[in-house]
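The values are calculated or read from the model by the stated rules, or taken from the named source; none is laboratory data. Since this is a predicted model, take the numbers as computed values, not measurements. Cβ coordinates were reconstructed from backbone atoms using ideal geometry, including for glycine residues, and neighbour counts include every protein chain displayed. Just so you know, the surface numbers come from the protein's heavy atoms only, side chains and all, with ligands and any DNA or RNA stripped out. Shrake-Rupley method; radii C 1.70, N 1.55, O 1.52, S 1.80 Å.
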Amino acid sequence: MAESFADVMQRAIGAEALEGAGDLGGKADFPLMPLGEAADMGFAQDGTPFFDPRIFYSAEFRRNPWPYYRILRDHYPVYFNKLNNTYYVTRYADMTECYYDDIGFNTIPKGSSNGVLGNVTHEFSGVEHRRRRNLFGQHLVGKALEHRVPAIERLAQEMIEAFPSLDESVRKVNGNVASVELGRAFAYEFPVRVVCDVLGFPKEAQHHFFYWYDSIMSGLGASETHKQGMEARQHLEDYVADLVEERRKNPGYLYDNEGNELGLDIISKLCASKIDGDYLSSVEITSYIALVVAGGGETTRGTIMNMWYQLLQHPDQFAAVVADDGLWDAAFHETLRHSNPIGGQPRHATFDVELHGVHIPAGSLIEMVNFSGSHDERVFENPDNFNLFRSDLYSGKLLRSGYNKGGVCSHMAFGVGPHMCPGAWISHQEATIGSRILARHLPNARVNTDMMPKDIDGVSLAPIGINKLRDLWIDYDLEYAVGLAAQPSHCGLDEA
């Protein structure tokens with residue numbers, strides 16, 4: 001008996017993604033439409049389409065969000081969702097203006113993450129935010145980025161070389177063809193291993209690190225897992241307190257592939273850092289670690305999965321990045337524009353604001369919908385098409401100030417301005433370097449369509465929409481892999 005599309009979606013993206021669909025404001029069933037077409041929600045006498053907020057909680061919206069965001073951008077650029085008491089800002093230009101206004105649209109809601117992450121910088125604003133951000137920022141750019149490259153290359157190589165030993169639930173071999181599930185084989189663990197290494201945690205702490213990471217990330221999103229997240233945060237803090245005491249006396253170092261010393265690991269650097277003449281406490285260092293883990297892990301996981309899924313469905317584009325691995329940077333940016341795994345950033349209105357004729361009272365919760373801004377046809381031509389060769393997307397080094405020159409704009413995945421995601425540079429580095437090395441070890445890579453869920457027609461591969469891709473089965477040829485595995489990697493780094 002064939003599975004329904006809803007069953008396939010639930011299996012592919014996880015049951016929690018569909019929990020609560022239609023439960024707010026009364027149940028509403030929306031038909032599953034052809035991609036790019038919106039369900040009929042009615043029209044006003046002047047032809048303006050109505051917008052039913054219950055669509056946000058439907059399977060249809062999760063798989064086919066772009067026509068609904070287009071309705072919001074065109075007709076309701078500032079939309080008040082009465083079901084969750086939140087104002088949605090959906091146009092690129094408006095979001096940019098709001099992100100830069102650190103007074104009127106002030107930081108994320110207080111307490112929304114500091115319970116689990118600790119006293120993190122993105123819940124501060126003004127002078128206090130700048131002081132902490134500048135202190136931490138020095139470990140995220142420039143030479144600090146270059147010093148991480150050997151660890152990224154080494155860890156990627158180690159994980160890929162371990163593919164033959166993976167369980168059959170993750171890797172299968174049929175003759176000269178191997179099939180590997182990219183998430184469990186690589187994408188899920190790789191960024192966490194990298195962050196653990198470059199922060200300066202001992203290798204024996206790696207198993208703790210996966211527990212900390214998974215528990216803290218789960219504790220951010222739901223009350224039922226908050227307790228586990230808090231317990232993991234306390235366990236991390238206790239561990240870091242002993243580690244900090246040791247590193248203040250005996251600093252740790254990062255090394256290149258030949259074993260030459262590059263510089264202090266991040267924990268050792270933080271141990272030597274001061275604010276207002278005082279050294280950072282172990283609690284402050286733990287909060288920074290938790291923020292780096294969250295920013296450099298979760299986004300990278302989703303981006304690697306989404307990037308490979310999109311590229312392999314566009315063989316000409318995948319062939320281009322294989323032929324010229326410098327194009328992985330463009331693929332990274334286009335993935336975050338088109339299929340960003342992180343949907344938006346919340347803000348609070350400091351005082352009454354009026355935007356597009358909509359009055360937003362002081363204290364209101366406002367969601368900057370990055371998903372929508374990166375698909376704004378006022379900025380990007382044919383925004384719903386994945387195209388790493390597009391000429392209207394900026395693909396250079398990541399800048400907190402964003403980029404808009406001659407009609408070439410950056411995506412909105414990380415936000416812009418003072419509160420741009422601190423994990424952006426880490427995510428870029430891990431995803432591009434890891435993918436370059438992966439591509440060299442997966443010759444003739446293609447999606448195993450038999451193992452992947454299908455869309456409503458039962459034939460086409462299911463779209464990503466605003467979901468997080470959970471599984472990606474890739475076939476590749478074995479006869480070339482052995483020779484390729486011996487080749488050294490020469491991964492460039494474009495950030496500064």
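Farthest towards the positive end of the charge dipole of segment 201-316, among the residues His208, Cys271, Met305, is the Cα of Met305, using unit charges on the Cβ of Lys, Arg, Asp and Glu.
Each of Arg171, Arg470, Arg73 has its accessible area taken with a 1.4 Å probe; listed largest first, they run Arg470, Arg171, Arg73.
How large is the accessible surface per residue of segment 382-456, computed with a 1.4 Å probe and reported in Å² as a whole number?
Numbers: 2530 Å² over 75 residues.
Computed with neighbouring chains in place, this is 34 Å² per residue.
Given a 1.4 Å probe and every protein chain left where it sits, what share in percent of the accessible area of segment 379-461 is carbon and sulfur?
Working: 1480 of 3030 Å².
Carbon with sulfur: 49 percent of the solvent-accessible area.
Each label point is 7 Å from the Cα along the Cα-to-Cβ direction; what then is the distance between the points at Gln228 and Asn444, in nm? Simple spin-label model gives 4.2 nm for this pair.
Classification of segment 325-467 by its C-alpha gyration tensor yields a prolate form. The axis ratio a/c (a ≥ b ≥ c) is 1.5 or more, and a/b outweighs b/c. In terms of its alpha-carbon gyration tensor, segment 156-204 comes out prolate; a/c meets the 1.5 threshold, and the first ratio a/b outweighs b/c.
The overall shape of segment 182-272, judged from the alpha-carbon gyration tensor, is oblate: a/c is not under 1.5, and a/b is no greater than b/c. In loop segments of segment 328-394 as defined by DSSP, the trypsin sites (Lys or Arg not before Pro) with at most 15 further C-beta atoms inside 10 Å of their C-beta are Arg378.
Within the accessible area of segment 265-351, the carbon and sulfur atoms contribute 56%, probe 1.4 Å, all protein chains present.
Over segment 320-361, accessible surface divided per residue gives 36 Å², non-protein components excluded, 1.4 Å probe.
Each part reduced to its alpha carbon centroid, segment 38-86 and segment 255-292 end up 46 Å apart.
Contour minus end-to-end for Asn385 and Tyr100, with contour as 0.36 nm per residue of separation and end-to-end as the Cα-Cα distance?
Details: separation 285, 0.36 × 285 = 102.60 nm, distance 2.83 nm.
Extra length from Asn385 to Tyr100 when fully extended: 99.8 nm.
Taking the Cα centroid of segment 318-349 and of segment 419-463, what is the distance between the two, rounded to the nearest whole Å? Cα centres, segment 318-349 to segment 419-463: 10 Å.
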